[in-house]
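The values are calculated or read from the model by the stated rules, or taken from the named source; none is laboratory data. Everything numeric here is computed off the predicted structure, so don't read it as measured data. We place every Cβ from the backbone using ideal geometry, glycine too, and count neighbours over all the protein chains shown. Surface areas here come from the heavy atoms of the whole protein model, side chains and all, with no ligands, DNA or RNA. Shrake-Rupley method; radii C 1.70, N 1.55, O 1.52, S 1.80 Å.
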Amino acid sequence: MTDDLNAPLGVEPKTETKRRWPLPPLLPVVAGLLGSLVVGLAGAVAVVHNPLGGEPRAISAIAMPPPRTAEPTSPQQAAAAPVATPQEEGPTVNVINGMSGQSQAVRIAATPPAQAAGLDPRLSERTSHGPLPRIAPDGRRPSEAYARAFVPPAGAGGSMPRVAILIGGLGISANGTSEAIGKLPGAVSFAFAPYGSDLERLIGRARSNGHEVFLQVPMEPFDYPDNDPGPQTLLTTLSTERNTERLHWAMGRFQGYAGIVNYMGGKFTATEAAIAPILREAHRRGLMVIDDGTSARSLVPQIAASIQQPALRGDIHLDRVPTPAELDAQLGRLEARARETGFALGVGSALPVTVDRLARWARALESRGILLVPVSAGVARRPPAG
């Protein structure tokens, strides 16, 4: 290329032109196809609802091991071995195939808590509130299956006076519950509130230590809501259906109890229209009913008698004043009542001072000529008052 200085005068320099290549004839078509594809994909994302869109996907292989069963070592053990029951269905997970994108629901089988805790699965039914107690097809009742067996000592017969102790408020404090389980003899019965976070484990431990278990049902006191038993309280202002639903919520919190006992409930137990359906529902499900005896206006004994409901009312409130001296005095009253009538029921709370005084008192009770029996033994001994 020559510049303007070297070009001859009077001669216009030649302008250099860039070489332009002609566009291939297919390029506009390809561009149009790509544009249509982008627009189509954008429309699909906007129209199609995909909750997993944009989420990472993983493929997991779930292999469930076969259930382990112990081989019977003798014909007697083989005959006594329980019949295997199907496993309860566990949670459902969605397994997504990373290649095809297809989602498949897989239900993971899990050992039901009833089997793990040594409970009878025939005595419960699955509901939206969890497993609720029921009478088994063969007529067996939870009140019978989960009562502590009681055999009077040889030579005692039926002549010795008997006392039963029911300690409530368990399950809320894990430490307090463990103290009660560890210190109190197995003949002491326990009532668990439905509010604990580790109820199945604590109740399994209590039952393995020989304690029979009851469910505390929160019921409306006279000064409600200033005095509030807690969530799902049964109220006189609610319909029977709503109160039954709340009862089922409490019943579904754990398994293995022989009956129910009121928690507070002075107003509720004094209102026939409110308490009668609850007692009938407990009776229908094969449970016994315990009235803690804190309200003189309670109608539980009379209504229970009218429907042939196994029931028992507390005689002595042990720790209304929770001091060692007062506890000892109330335990003395309990003994005197047992000697007078043959049987007496004491009701208390899982307070540290109560647990300590009861443990000390129970060690020497039989030497004083009185038997400590589970609450269920008192229910069988004392029919409901008419």
Worksheet item: residue 224 accessible area, nearest 10 Å², 1.4 Å probe?
Response: 80 Å²
Discussion item. Would region 186-330 count as rounded, prolate or oblate if I go by the C-alpha gyration tensor, calling it rounded below 1.5 in a/c and otherwise prolate when a/b exceeds b/c, oblate otherwise?
Written reply: rounded
Worksheet entry | Extension gain from residue 297 to residue 120, taking 0.36 nm per residue of separation minus the Cα-Cα distance | 60.1 nm
Practice prompt. Provide Rg and Dmax in Å for region 202-256, with only Cα atoms included in the calculation.
Written response: 13.8, 40
Fill in: Accessible area in the full protein assembly, largest first, 1.4 Å probe, for 267, 183
183, 267
Worksheet entry | Under Karplus coefficients 6.51, -1.76 and 1.60, residue-wise ³J(HN,Hα) of region 128-137 in Hz, glycine/proline x | 5, 8, x, x, 10, x, 7, 7, 5, x
Worksheet item: If we sort 282-292, 339-349 on the protection proxy, mean other Cβ atoms within 10 Å, highest first, what's the order?
Response: 282-292, 339-349
Worksheet item: Using the C-alpha gyration tensor of region 132-189, what are the square roots of 5 times its eigenvalues, in whole angstrom, with the largest one first?
Response: 25, 23, 9
Discussion item. Under a Cβ-only charge scheme (Lys and Arg +1, Asp and Glu -1), can you give me the dipole magnitude of region 206-320 about the Cα centre, in debye to the nearest 20?
Written reply: 340 debye
Discussion item. Probe radius 1.4 Å, ligands and nucleic acids left out: which of 297, 205 has the largest accessible area, and how do the rest follow?
Written reply: 297, 205
Worksheet item: Where does the charge balance sit around residue 324 when Lys and Arg score +1, Asp and Glu -1, over other residues with C-beta under 9 Å from its C-beta?
Response: -2
Worksheet item: Rounded to the nearest 0.05, what FRET efficiency do residue 236 and residue 205 have when you use their Cβ-Cβ distance and R0 = 41 Å?
Response: 0.70
Practice prompt. Enter the accessible area of residue 272 (Å², nearest 10), with the probe set to 1.4 Å and all protein chains included.
Written response: 120 Å²
Worksheet item: Which of rounded, prolate, oblate describes region 156-233, given a ≥ b ≥ c as roots of the alpha-carbon gyration tensor eigenvalues and a/c under 1.5 marking rounded, otherwise prolate only if a/b is larger than b/c?
Response: oblate
Fill in: Surface accessible to a 1.4 Å probe, residue 306 within the full protein complex, Å²
90 Å²
Worksheet entry | Cα centre as origin, Lys/Arg/Asp/Glu Cβ charges: region 327-381 dipole, Debye | 60 debye
